[in-house]
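Peer 1: Structure provided below as structure tokens; questions to follow.
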Amino acid sequence: MIPHPNRPLLFLDYDGTLSPIVDDPAQARPHPDVPALLASLAERHRVVIVSGRGIAKLTHFLPGVRVQAVGLHGAEEGALGEEPAPSAALQAVAEPLAALKASVPALEGVMVEDKGATFAVHYRNARDEAAAHEALRAWASDVPEGLHAVWGKKVLELRPRDLSKGTAVVRIAAENPALTPVYIGDDTTDEDAFQALDASSGEREPVTVKVGEGETAARYRVPGVDDVVTYLRGFL
């Protein structure tokens with residue numbers, strides 16, 4: 001059974017955690033119970049959504065929800081409903097990111113998702129998924145200094161090398177030493193956070209939860225989004 005700390009610091013991924021995975025990322029609506037659940041949780045606990053999406057897009061999916069957020073894998077921080085400023089690290093790589101975006105291989109079924117300051121390349125709908133993966137791997141094999149290629153669930157993203165979900169959540173956790181970190185996520189980028197929280201926990205043992213199948217550094221696992229909602233209700 002996954003524990004429910006009395007004083008949690010809730011770090012929640014969005015896609016695959018609060019929203020089911022869909023073929024079109026523009027249609028990634030939250031689980032029907034999630035908006036009201038987040039509002040109720042935020043009345044009692046510190047809640048931070050941690051996502052590869054920008055904060056503006058999270059606000060679009062969660063209108064009226066007022067919680068803190070880390071967007072673009074740590075490159076943005078702020079609150080839903082507010083305009084975040086991109087980090088200095090992101091501003092420093094704006095030009096090479098724009099050049100890379102213009103050079104994404106034109107492959108059938110491969111879609112570029114514009115995230116404003118960054119972008120993601122989805123190949124879930126590629127006719128030949130293996131060939132698309134190989135072509136994108138070759139394309140990303142020589143990214144400019146300061147950028148890092150990150151592979152997720154049939155998606156490739158470029159981000160500033162020194163930023164990750166892990167660096168963001170460790171800093172926020174350090175600012176809230178009386179709270180126990182609880183991190184729930186489903187993708188490769190969430191593994192950064194699982195590992196970073198474990199490495200920095202000291203006497204506070206974090207609760208890290210992997211959603212779905214696959215190898216993980218998380219301490220616990222749930223099958224899907226419905227189970228995340230059920231677990232989070234336990235904090236009310």
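The values are calculated or read from the model by the stated rules, or taken from the named source; none is laboratory data. Please read these numbers as outputs of a predicted model, since none were measured by experiment. Note that each Cβ is placed from the backbone with ideal geometry, even for glycine, and that neighbours are counted across all protein chains shown. Only protein heavy atoms, including side chains, enter the accessible area calculation; ligands, DNA and RNA are left aside. Shrake-Rupley method; radii C 1.70, N 1.55, O 1.52, S 1.80 Å.
Peer 1: Would you mind listing the strands (runs of 3 or more DSSP E) fully within region 33-110 where at least 2 residues are under 20 Å from L163 (Cβ atoms), hydrophobic (A, V, I, L, M, F, W, C) and under 20 Å from the mean Cα position of the chain (by Cα)?
Peer 2: Passing ranges, in order: 46-50, 68-71.
Peer 1: Ok, one more. Open to solvent by less than 40 Å² (accessible area, probe 1.4 Å), in contact with an Asp or Glu (Cβ under 7 Å, 6 or more places away or on another chain), closer than 24 Å to D23 by Cβ and not charged (D, E, K, R): does that describe V104?
Peer 2: For V104, the condition - open to solvent by less than 40 Å² (accessible area, probe 1.4 Å), in contact with an Asp or Glu (Cβ under 7 Å, 6 or more places away or on another chain), closer than 24 Å to D23 by Cβ and not charged (D, E, K, R) - is not met.
Peer 1: Filter region 129-155 down to the residues that are of a type in the set (A, V, I, L, M, F, W, C), open to solvent by 30 Å² or more (accessible area, probe 1.4 Å) and under 19 Å from R53 (Cβ atoms) and list them by number.
Peer 2: W151, the sole residue that qualifies.
Peer 1: What are the pairs with Cβ atoms under 9 angstrom where one residue, in region 96-119, is on the phi > 0 side of the Ramachandran plot and the other, located anywhere, is outside any strand (DSSP E or B) and open to solvent by 30 Å² or more (accessible area, probe 1.4 Å)? Sequence gap at least six, or different chains.
Peer 2: From residues that are on the phi > 0 side of the Ramachandran plot, the pairs are G109/R124; G109/N125; G109/R127; G109/D128; G109/E129; G116/A56; G116/K57; G116/P86.
Peer 1: Taking V47 as meeting all but one of (1) without any contact (Cβ under 8 Å) to a residue 40 or more places away in the chain; (2) in contact with a strand residue (DSSP E or B) (Cβ under 6 Å, 6 or more places away or on another chain); (3) more than 19 Å from G78 (Cα to Cα), write down the number of the exception.
Peer 2: Answer for V47: the failing condition is (3).
Peer 1: Hey, could you check region 18-50 for residues that are polar (S, T, N, Q) and out of contact with any His (no Cβ under 8 Å at 6 or more places or on another chain) and say which is least open to solvent (accessible area, probe 1.4 Å)?
Peer 2: Per the criteria, the residue is S40.
Peer 1: Hey, among the residues in region 191-226 that are charged (D, E, K, R) and closer than 17 Å to P8 by Cβ, which one's modelled with the highest pLDDT?
Peer 2: My answer is R219.
Peer 1: If you don't mind, there's one more thing I want to ask. I need the full set of residues from region 112-128 which are open to solvent by less than 50 Å² (accessible area, probe 1.4 Å), within 24 Å of P84 (Cβ to Cβ) and not in a strand (DSSP E or B), in order please. Step through it out loud before you land on a result.
Peer 2: Of the residues in region 112-128, the ones open to solvent by less than 50 Å² (accessible area, probe 1.4 Å) are 113, 115, 117-123, 126.
Then drop every residue that is not within 24 Å of P84 (Cβ to Cβ), which leaves 113, 115, 117-122.
Listed by number, the residues that qualify are K115, A117, T118.
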